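Worksheet: one structure, shown below.
Readers should treat all values here as calculations from the given coordinates under stated rules, not as data from a laboratory. Computed from a predicted structure; not experimentally measured. Positions of Cβ are generated from backbone atoms using ideal geometry, with glycine treated the same way; all protein chains shown enter the neighbour counts.
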Amino acid sequence: MSVTPVSFFSGALYERKTCFVYLPPSYEETDQAYPVIYLLHGMYGSELDWNYKGNAGQTLDHMISEHRLRECIVVMPSDGGYGHGTYYMDWYDGTGNFEEYLISDLVPFIDNNYRTLKTRDTRVIAGLSMGGFGAFLLSLRNPDLFGAAASLSGALGSAQLMPQKDFDRSEFSRIIGPRNGIHAMEHDLNVLTEMRMQDPPEERPSLYFDCGTEDYLYPMNAAFRNHLQRIGYTHEYQEFSGQHDWNYWTSHLPDTLMYFERYFSLQNGK
């Protein structure tokens, strides 16, 4: 297993940031290029989480050695490190450009410093909880960058569906501004999926998500599944027994990785 911390500079945040990078077994032995998977952490978390709490490095080693997943580079970044969580978006109140940091700083840094395959068909993104929202948000807003996205127990709700009193009591107005404003609409998963339906099917990000039936976010995931079914957005959804915890995410990370393997195979014909 080769998972190492890597520092880079973010112009969007004007800060030095750190991500963890998993390199596949053959990386030092060949000169080939690899597909890239980005793994996003959840609320209150950090770039340490997937490897140290979720055993991501060990899972990747096992799946690659068993030929269930092709060799790939896996990047585990910070969400930007502000407050309890940034939701991986540029905040309405100007606090930070957390989407731009990932899209304009992190992805180019990885592509420039590692032997990556630099196409949307070979670049995918996943996350848990807040990171599940972030993975869907970043892929739907940047479909030319990410060909597929996956969410584990994602916070896949829409601010439009929140009671006004709950919205007013939260920090969401700092993040997305007025609930019915342009910034909010541009970062609403329901709105974004409807917008992507105007694109040719092959240009829409492929979506996979799962959730535990005992998870407090289960109703939110079921509602998002119903939304995708209603608008006709092709997706893959699974539900399992489980709660909102690392037991669930560690157990079901392989489901996400196998989905990405199917996606890579479909796009690349092998």
Practice task
Averaged over every viewing direction, what's the projected area of the C-alpha convex hull for segment 2-268? Give it in nm², one decimal, please.
Solution key: 13.3
Problem - Proximal charge balance of Met43 [Cβ under 11 Å; K/R count +1, D/E count -1] - result: -2
Handout entry: Ala148 long-range amide H proximity, modeled H, under 5 Å
Key = Ile125, Ser206
Completion exercise
Summing -39500 (n - 2.57) over every DSSP H run of at least 4 residues in the chain and dividing by its residue count gives a helix-only mean residue ellipticity at 222 nm, to the nearest 500 deg cm²/dmol, of -10000 deg cm²/dmol
Handout entry: Mean separation of Cα contacts under 8 Å (6+ apart) over length of the chain, as relative contact order %
Key = 18
Problem - segment 205-257 - charge dipole about Cα centre, Lys and Arg +1 at Cβ, Asp and Glu -1, debye rounded to 20 - result: 260
Exercise for the section: Calculate I(q)/I(0) for segment 1-151 by the Debye formula, one identical point scatterer on each C-alpha and no solvent, and give its log10 at q = 0.08, 0.20 Å⁻¹ to two decimals. Expected result: -0.20, -1.33
Handout entry: Total formal charge among the other residues, if their Cβ is under 13 angstrom from that of Ser78, Lys/Arg +1 and Asp/Glu -1
Key = -3
Practice task
Go through 195-204, 16-25, 174-183 and give me the packing order, highest mean Cβ count within 10 Å leading.
Solution key: 16-25, 174-183, 195-204
Problem - Residues with amide H under 5 Å from that of Leu39, placed H, sequence gap 5 or more - result: Val75, Met76, Ala126
Exercise for the section: Please give the length that would be gained between Glu203 and Gln243 if that part of the chain were fully extended, namely 0.36 nm times their separation in residues minus their C-alpha to C-alpha distance (nm, one decimal). Expected result: 11.1 nm
Completion exercise
Under the 7 Å Cα-to-Cβ spin-label approximation, Glu29 and Thr95 lie apart by a distance in nanometres of 4.6
Exercise for the section: Set Lys and Arg Cβ to +1 and Asp and Glu Cβ to -1, take the dipole of segment 1-123 about its Cα centre, and tell me which of Tyr44, Gly11, Thr119 lies farthest positive. Expected result: Thr119
Practice task
Write down the percent of antiparallel bridges among all DSSP beta bridges whose residues are both part of segment 2-268, to the nearest 5.
Solution key: 35
Handout entry: Separation of the Asp121 and Met258 label points, Cα + 7 Å toward Cβ, nm
Key = 2.5
